[in-house]
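Read the structure below first, then the notes.
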């Protein structure tokens with residue numbers, strides 16, 4: 001059954017009431033046409049529930065915007081949507097970091113820029129001494145190929161999706177391919193992200209991968225909170241140490257605020273799911289609002305929190321990952337740098353959904369408490 005407008009409908013009952021399903025929901029492809037966003041392919045999803053979002057095949061199949069009933073969920077930066085052709089190495093990555101609900105970082109390096117030391121891994125031809133690596137990798141700046149946007153009925157469910165392949169490759173270097181499918185169902189207030197990453201090369205490739213999920217006002221506001229299955233928060237540096245006692249709560253925008261980053265030890269439920277959410281219980285006179293990420297801890301063993309509550313850069317990041325964010329050189333030095341073997345695959349399944357009320361927030365809080373208690 002399809003839940004819409006306070007009622008439940010079968011496929012037949014619903015189609016008797018509309019000329020075409022696009023009256024209620026659907027996916028629409030288009031291309032941005034002006035400024036430095038010119039040429040970016042985009043796909044708008046309308047679920048019929050009030051949950052709408054935009055996927056950018058022209059920028060790595062990431063999610064540039066999301067809203068619920070006209071209320072924004074994610075932070076959007078001053079850059080706006082920037083075409084992949086404007087990619088700049090090093091910290092220039094930030095010139096096209098539009099924020100959005102999901103920006104993918106990787107696939108061969110994540111985190112701080114820097115140069116590599118002498119390779120320590122026996123199979124590391126792709127790790128050259130002195131190689132300069134920029135911020136957060138290239139994958140979000142690569143336009144997708146084989147883009148497939150469509151929808152269909154499956155019984156009484158109407159499913160919409162966008163799928164594409166993002167290839168990160170270089171001569172004499174790694175050759176990785178991400179196949180991503182983002183889908184949502186009619187009437188739902190959540191989306192699903194499914195990734196398969198393959199090493200199409202003939203040698204092991206370094207592999208670092210992170211979801212940069214960026215919550216913004218009004219989900220993030222004075223009194224908002226990050227709730228999660230975290231059992232321990234570790235400050236990344238001295239700046240974060242000063243905020244460790246209040247890492248999960250947010251205040252009004254602060255002039256000249258310096259970003260704080262925390263590493264979390266996450267527990268998971270019986271299905272290996274970990275949870276994190278940004279919630280504002282006092283939104284709209286106590287109605288409440290937020291959104292959550294559910295992911296497999298076996299797929300993303302690390303979780304990073306980015307707290308940046310400055311003026312204009314007022315954002316909270318929830319970041320499942322397979323690494324920390326001090327850069328590939330640091331992972332190499334620790335001996336924790338992961339590789340994908342030739343012909344190897346890595347599979348990721350995650351869910352992002354809206355918390356529409358204080359009741360839904362409290363229900364998730366109970367689930368999180370249960371996960372921690374059972375462990």
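The values are calculated or read from the model by the stated rules, or taken from the named source; none is laboratory data. In this text the structure is predicted, and so the values were computed from the model without any measurement. Neighbour counts are summed over all protein chains in view; Cβ atoms, including those assigned to glycine, are modelled from backbone coordinates with ideal geometry.
The table below gives the values:
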| read-out | value |
| --- | --- |
| For residue 77: the one exception among (1) within 22 Å of residue 319 (Cβ to Cβ); (2) surrounded by 21 or more Cβ atoms within 10 Å (Cβ to Cβ) | (2) |
| Tally, over the range 142-160, of residues that are touching a helix residue (DSSP H, G or I) at 6+ places or on another chain (Cβ under 7 Å) and under 16 Å from residue 193 (Cα atoms) | 2 |
| Number of positions in the range 217-235 that are under 19 Å from residue 73 (Cβ atoms) and in contact with a helix residue (DSSP H, G or I) (Cβ under 8 Å, 6 or more places away or on another chain) | 5 |
| Qualifying positions in the range 156-178 - assigned to a strand (DSSP E or B), within 19 Å of residue 204 (Cα to Cα) and without any contact (Cβ under 8 Å) to a residue 60 or more places away in the chain | 167, 169, 175, 177 |
| Residue in the range 236-259 that is touching a residue at least 12 places away in the same chain (Cβ under 8 Å), in a strand (DSSP E or B) and either under 23 Å from residue 337 (Cα atoms) or in contact with a helix residue (DSSP H, G or I) (Cβ under 6 Å, 6 or more places away or on another chain) (or both) present | no |
| Spans of strands (runs of 3 or more DSSP E) in the range 291-341 with at least 1 residues in contact with a strand residue (DSSP E or B) (Cβ under 8 Å, 6 or more places away or on another chain) and under 19 Å from residue 102 (Cα atoms) | 302-309, 314-321 |
| Only one of 241, 265, 271 that is within 23 Å of residue 222 (Cα to Cα) and surrounded by fewer than 17 Cβ atoms within 10 Å (Cβ to Cβ) | 241 |
| Filter result (without any contact (Cβ under 8 Å) to a residue 12 or more places away in the chain and loosely packed, with under 12 Cβ neighbours inside 10 Å) within the range 9-30 | 12, 16, 17, 18, 19, 20, 23 |
| Tally of residues being assigned to a strand (DSSP E or B) and under 16 Å from the mean Cα position of the chain (by Cα) across the range 62-112 | 16 |
| Selection count where residues are assigned to a strand (DSSP E or B), surrounded by 17 or more Cβ atoms within 10 Å (Cβ to Cβ) and at pLDDT 95 or above, scope the range 113-155 | 3 |
| Test: residue 287 is surrounded by fewer than 16 Cβ atoms within 10 Å (Cβ to Cβ), closer than 20 Å to residue 206 by Cα, touching a helix residue (DSSP H, G or I) at 6+ places or on another chain (Cβ under 9 Å) and at pLDDT 95 or above | no |
| Qualifying residue in the range 206-217 (condition: touching a residue at least 60 places away in the same chain (Cβ under 8 Å), within 16 Å of the chain's Cα centre (by Cα) and part of a loop (DSSP other than H, G, I, E, B)) | yes |
| Leading residue by the ranking (surrounded by the most Cβ atoms within 10 Å (Cβ to Cβ)) among those in the range 169-195 that are touching a strand residue (DSSP E or B) at 6+ places or on another chain (Cβ under 6 Å), at pLDDT 95 or above and more than 16 Å from residue 348 (Cα to Cα) | 184 |
| Residue 308 without any contact (Cβ under 8 Å) to a residue 60 or more places away in the chain and either surrounded by 22 or more Cβ atoms within 10 Å (Cβ to Cβ) or under 23 Å from the mean Cα position of the chain (by Cα) (or both) | yes |
| Selected residue (criterion: modelled with the highest pLDDT) from residues of the range 315-331 that are within 18 Å of residue 132 (Cβ to Cβ) and buried (at least 22 other Cβ atoms within 10 Å of the Cβ) | 325 |
| Any chance residue 191 is within 25 Å of residue 26 (Cα to Cα) and in contact with a helix residue (DSSP H, G or I) (Cβ under 8 Å, 6 or more places away or on another chain) | no |
| Where a residue in the range 86-97 is at positive phi and in contact (Cβ under 8 Å) with a residue 12 or more places away in the chain and its partner, wherever it lies, is surrounded by 14 or more Cβ atoms within 10 Å (Cβ to Cβ) and assigned to a loop (DSSP other than H, G, I, E, B), with Cβ under 7 Å and at least six apart | 90/113; 90/134; 90/135 |
